[in-house]
Amino acid sequence: MEFLTSLENISEQEWNAITGTDYPFLRHEFLWGLEQTGCVTAETGWQPCHAIIREEQGRVIALLPLYLKSHSYGEYVFDWSWADAWQRNGLAYYPKLVSAIPFTPATGPRLCISHEYNSDDIWPVVLSAIKNLAKQRRLSSWHLLFPEEIEATKLVREGLHLRTATQFHWYNDGFSCFDDFLSTFNSRKRKSLRRERKSVDQQGFEFQTLAGPEITRVQWEQFYHFYQHTYAKRSGHGGYLSKEFFTQTAASLGEQVILILAHLDNEPVAGALFFRSEDTLYGRYWGCVREYDYLHFEACYYRGIEYCIDHGLKKFDPGAQGEHKIQRGFRPVRTYSNHWIADPGFSQAIADFTVEEQAHIEEYLQQTTAQLPFKATP
């Protein structure tokens, strides 16, 4: 077992041989690109500390993305109240260890293992090493964010706390076109959605869908301008990602990157950036020069749904939060995280918290499911 302070210390071939390249956010090119472009560093509060397991001969057989965090920004599993509790008791919550994809609340593989091994053999080794590292450095905790359900459930048996939350995803039930999807809506919701799309059309927008190599550097720079402008307006800062991330890192991922540009009077005014795997579309970033009626819904959701239908993708994960997605046909789903807390007293308090929170999440899932726009079924 070893911990890498930079992906510079492992080759792209060695890393991707374990992770594969279908899930875009674990690719060496993506994570190393975040480092190279200054988005993920000790200075930004994301110090790489990736866990690597090798055989005696030196071959990598398993790996886990891991970061030493000095804050909780960019994680999308909110633990600010936990940090406050530590501080009120005169203890330090930061730094902590986090296994996640920076700035990316997308469920996917986390512990990646060579095909001849299984997770029952590997997880105990990983957990032991992480706990030892935490004790050596006096770290408060380790957090695994947005693992797949089977992985999250398995770690409960290893003594970790399980936390659930809710996102809204779209599923392709074999639709032939967007109108086929709309035919599943009740009449009132179907008319409402069509009014939105008609409004965008009447404003004169034209759309361009570009895949990977089709995106020029000028278009990447335009999108970065949109992204930065929108982030500054909403959050007071220019966003977590640098221009080089878009022009270099995202551009290096080829056909797994999809950019939808909105044009008005032949000028690009907004853009939505997506990543894709073999069966899933991931909506990630949005930006515009100013607000336009329903343009965000059209570019980020409806065009994404059309892309999935046209390309036979099974699922569309448009990102975190957003109850406005429900009336547009995105179904509530559970997301997961696991948490190991070094201090026994705080660990019990977190266990109690997650049990109480779980009841509220289940109630929320029922409420939001009842709000879906689909026709009633027997």
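Numbers for the structure displayed
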{"read-out": "Which numbered condition residue 341 fails, given (1) hydrophobic (A, V, I, L, M, F, W, C); (2) surrounded by 21 or more Cβ atoms within 10 Å (Cβ to Cβ); (3) under 15 Å from residue 297 (Cβ atoms)", "value": "(3)"}
{"read-out": "Residue 286, sole failed condition from (1) crowded, with 23+ Cβ neighbours inside 10 Å; (2) outside any helix (DSSP H, G or I)", "value": "(1)"}
{"read-out": "Count of the stretch 22-49 residues which are outside any helix (DSSP H, G or I) and either over 16 Å from the mean Cα position of the chain (by Cα) or hydrophobic (A, V, I, L, M, F, W, C) (or both)", "value": "13"}
{"read-out": "Residue count, the stretch 263-272 (criterion: buried (at least 24 other Cβ atoms within 10 Å of the Cβ) and more than 17 Å from residue 330 (Cβ to Cβ))", "value": "2"}
{"read-out": "Residues that are over 28 Å from residue 284 (Cβ atoms) and either in contact (Cβ under 8 Å) with a residue 60 or more places away in the chain or surrounded by 16 or more Cβ atoms within 10 Å (Cβ to Cβ) (or both), drawn from the stretch 76-88", "value": "85, 86"}
{"read-out": "Close pairs from the stretch 300-328: first outside the structural domain of residue 260 (by TED's automatic domain parsing) and modelled with pLDDT of 95 or more, partner among the polar types (S, T, N, Q) and part of a helix (DSSP H, G or I), Cβ under 7 Å, at least 6 apart", "value": "326/368"}
{"read-out": "Some residue of the stretch 58-70 being buried (at least 21 other Cβ atoms within 10 Å of the Cβ), in contact with a Pro (Cβ under 9 Å, 6 or more places away or on another chain) and touching a residue at least 60 places away in the same chain (Cβ under 8 Å)", "value": "yes"}
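Condition check ((1) among the basic types (Lys, Arg); (2) over 29 Å from residue 140 (Cα atoms); (3) touching a His at 6+ places or on another chain (Cβ under 7 Å)) across all residues:
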position: 280; (1), (2), (3): no, yes, no
position: 323; (1), (2), (3): no, yes, no
position: 328; (1), (2), (3): yes, yes, no
position: 344; (1), (2), (3): no, no, no
position: 362; (1), (2), (3): no, no, no
position: 370; (1), (2), (3): no, yes, no
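The values are calculated or read from the model by the stated rules, or taken from the named source; none is laboratory data. What you are looking at is a predicted structure, and each value in this text was computed from that prediction instead of being measured. Every residue, glycine as well, gets a Cβ built from its backbone with ideal geometry; the counts of neighbours run over all protein chains shown.
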